[in-house]
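Visitor: Here it is: the structure, laid out below.
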């Protein structure tokens, strides 16, 4: 994964993207027991996305290919890791990218979503595995419940919390 992180940091530094943060299972593994995943979900901002309804990922893929990546289906593979490039597609995800925290992976800095944003996005996505992940964060005490509840209310996710084990109804 080091090669992938170095490539992402490189395209940020060169201005191809304005910012990025890792979400999904890879980001979750910084907080809770790792869940097997085959790819890295990278959410990003580019200045081009501010001026257009449709965002072309071509400049991003081109830059990553120049750094040794190769396109395979919806991924760009860097080293052994398939990277899925996703624009910040909603106000919740935009906030998650903006408020992402910097962590170390070995000697490489990278940005990941906060635990609370990971949980809110999982609730919004609404798959069974996402509800399970939220329950894991709660059970392991890895999420600030007050902050998560504020996100749940702000992004109108209250109806999703009933699907999460150990989420008491008086916490909405």
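Visitor: Quick one: work out the % antiparallel among DSSP beta bridges in the chain, nearest 5.
Guide: Within the chain, antiparallel bridges account for around 75 percent of the total.
Visitor: With only alpha-carbon atoms in the gyration tensor, what are the semi-axes of the equivalent ellipsoid for segment 88-157, in Å, largest first?
Guide: 20, 15, 12
Visitor: Continuing with this model, one more query. Counting other C-beta atoms within 10 Å, which of 127, 160 has the fewest, and how do the rest follow?
Guide: Result, fewest neighbours first: 127, 160.
Visitor: Now a separate question. Give the order of 113, 45 when sorted by the count of other beta carbons within 10 angstrom, beginning with the fewest.
Guide: The order, fewest Cβ neighbours first, is 45, 113.
Visitor: Moving on to the next point. Going by how many other Cβ atoms sit within 10 Å of their own, how do 110, 102, 125, 161 line up, fewest first?
Guide: 102, 125, 161, 110
Visitor: Restricting to DSSP H runs of at least four residues, report the calculated mean residue ellipticity at 222 nm for the chain, -39500 (n - 2.57) per run over all residues, nearest 500 deg cm²/dmol.
Guide: That calculation yields -11500 deg cm²/dmol at 222 nm.
Every number in this text was worked out from the coordinates using simple rules, so none of it is lab data. Values in this document were obtained by computation on a predicted structure and should not be read as measured data. Glycine also receives a Cβ, built like all others from the backbone with ideal geometry; neighbour counts cover every protein chain displayed.
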